[in-house]
Amino acid sequence: MFFSFQELDLLTNSFSDLEIAEKLKISYATVYKERKFYGIKTFTQKTGLIKIQGTGELRPLGSVRGAIRKDGLNDCYFETVNSEEKAYWIGLLLADGWTTLRDGKPKEVGLACSSKDIHILEDFKKATGYSGRITEKINKRSLSKSGKSTLSTLRITSQRFTKHTIEAGVKPRKSGNISLPESSFLYPASFCRGFFDGDGSISYKNFTFICNSEVFAIELKELIAKETSHVLKIACLISPLTKKDVYRLNGYIKNRDVLEWMYYSPGPKLDRKYQKFVEFWT
């Protein structure tokens, strides 16, 4: 354990979990897990006070409203998807992100990835102006050899930001029920690269787009064919995790132009997959 009971109990008398993590330069998850392990109350639970992020101002619990934001979020970022960059993020969110509702109203946008790819979450924060934290946890449903990996997650709670993201095509409970958004036709290469960076794989001999929707796989196949004249093959497999159908859109050496089309367009990209493209395909 990083803390003894006495050390952590003393710290929480004066500081929140986030402040403790920042002061000691450790992850928020470490503080949270060890506090829960020891059964220690948070600063707010002990004092009945909330610290306002950025100012340190103390307010009584229940007096703080969601309108008080200190994270600098550009909540109108997706109001108009009018750039290669925004189309990329919509593609990535369709693959590895989500939106949620609360009482029928937009609540949250989330994006998760392997911790080795955490730079892409940092890039998303910069693009949207968001300064909130990224959390980490063990992914027990990992397909890695060990069966476990570390998952990094970014959550943005904002009605307006979530509303625009949903309107841009990232619908709540989207798994198995997604379709191509308008941005995929305006900026097809960047959109496809975003989706591929989230739910794709690349090796020295082939590359694959992966999704849970047959309709989406067919739409994506037709979009890529229209833009590149390459027709990728669709295969249906059973997911080892969910036991449900998973559709794979497969490309091979003869389809190399598809990768060049995606990677040579401007905008963000996942470093790990791009390096494989450079190593194996250029």
Filtered hits (lysines, Cα-Cα < 27 Å from Lys254, offset >= 8 within chain) -> Lys205, Lys221, Lys226, Lys233, Lys269, Lys273, Lys276
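Apply the a/c threshold of 1.5 to the C-alpha gyration tensor of the range 187-282 and tell me whether it is rounded, prolate or oblate.
In terms of gyration-tensor shape, prolate.
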Residue-ordered couplings for the range 12-18, obtained by feeding phi - 60° into the Karplus form 6.51 cos²θ - 1.76 cosθ + 1.60 and rounding to whole Hz (Gly and Pro as x), are 6, 5, 10, 10, 6, 4, 5
Everything considered on the Cα gyration tensor (a ≥ b ≥ c; rounded for a/c under 1.5, else prolate if a/b is larger than b/c, else oblate), the range 79-130 must be described as oblate
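How many Å² of accessible area per residue for the chain, probe 1.4 Å? Could you put the intermediate results ahead of the total?
On the way: 15210 Å² over 282 residues.
Accessible area per residue: 54 Å².
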For the Val231, Lys33 Cβ pair and Förster radius 41 Å, calculated FRET efficiency rounded to 0.05 is 0.25
Carbon/sulfur accessible area of the range 173-223, % of total, 1.4 Å probe, equals 47 percent
Partner lysines whose C-alpha sits under 16 Å from that of Lys46, ignoring same-chain residues fewer than 8 away, are Lys36
Candidates Leu154, Leu121, Leu241; GNM for the chain (alpha-carbon contacts under 10 Å) flags as most fluctuating Leu241
With the label point 7 Å along the Cα-to-beta-carbon line of Ile118 and a cut-off under 13 Å to each amide N, the hits in the range 149-191 are 150-154
Whole-percent carbon and sulfur contribution to the accessible surface of the range 1-51 (1.4 Å, no ligands, DNA or RNA) stands at 57 percent
Under the helix-only model (-39500 (n - 2.57) for each DSSP H run of 4 or more, divided by the residues of the chain), the mean residue ellipticity at 222 nm, to 500 deg cm²/dmol, is -11500 deg cm²/dmol
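First measure r as the distance between the Cβ atoms of Ile138 and Glu260, then evaluate 1/(1 + (r/R0)^6) with R0 = 35 Å and state the FRET efficiency to the nearest 0.05. List each step's numbers first, then the result.
Numbers: r = 37 Å, r/R0 = 1.06.
Computed FRET efficiency for Ile138 and Glu260: 0.40.
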Among the range 115-132, those whose backbone N falls under 13 Å of a label point 7 Å along Cα→Cβ from Thr47 are none
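With r defined as the distance between the Cβ atoms of Phe185 and Glu22 and R0 fixed at 51 Å, what FRET efficiency is calculated, to the nearest 0.05?
Values: r = 43 Å, r/R0 = 0.85.
With a Förster radius of 51 Å, E is 0.75.
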Rounded to whole angstroms and listed largest first, the alpha-carbon spread of the chain along its three principal axes comes to 64, 41, 34
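The values are calculated or read from the model by the stated rules, or taken from the named source; none is laboratory data. What you see is a predicted model; the values in this text were computed from it and never measured. Here Cβ is always computed from backbone atoms with ideal geometry, including for glycine, and neighbour counts include all displayed protein chains. Just the protein is used for accessible areas: all its heavy atoms, side chains included, with ligands, DNA and RNA removed. Shrake-Rupley method; radii C 1.70, N 1.55, O 1.52, S 1.80 Å.
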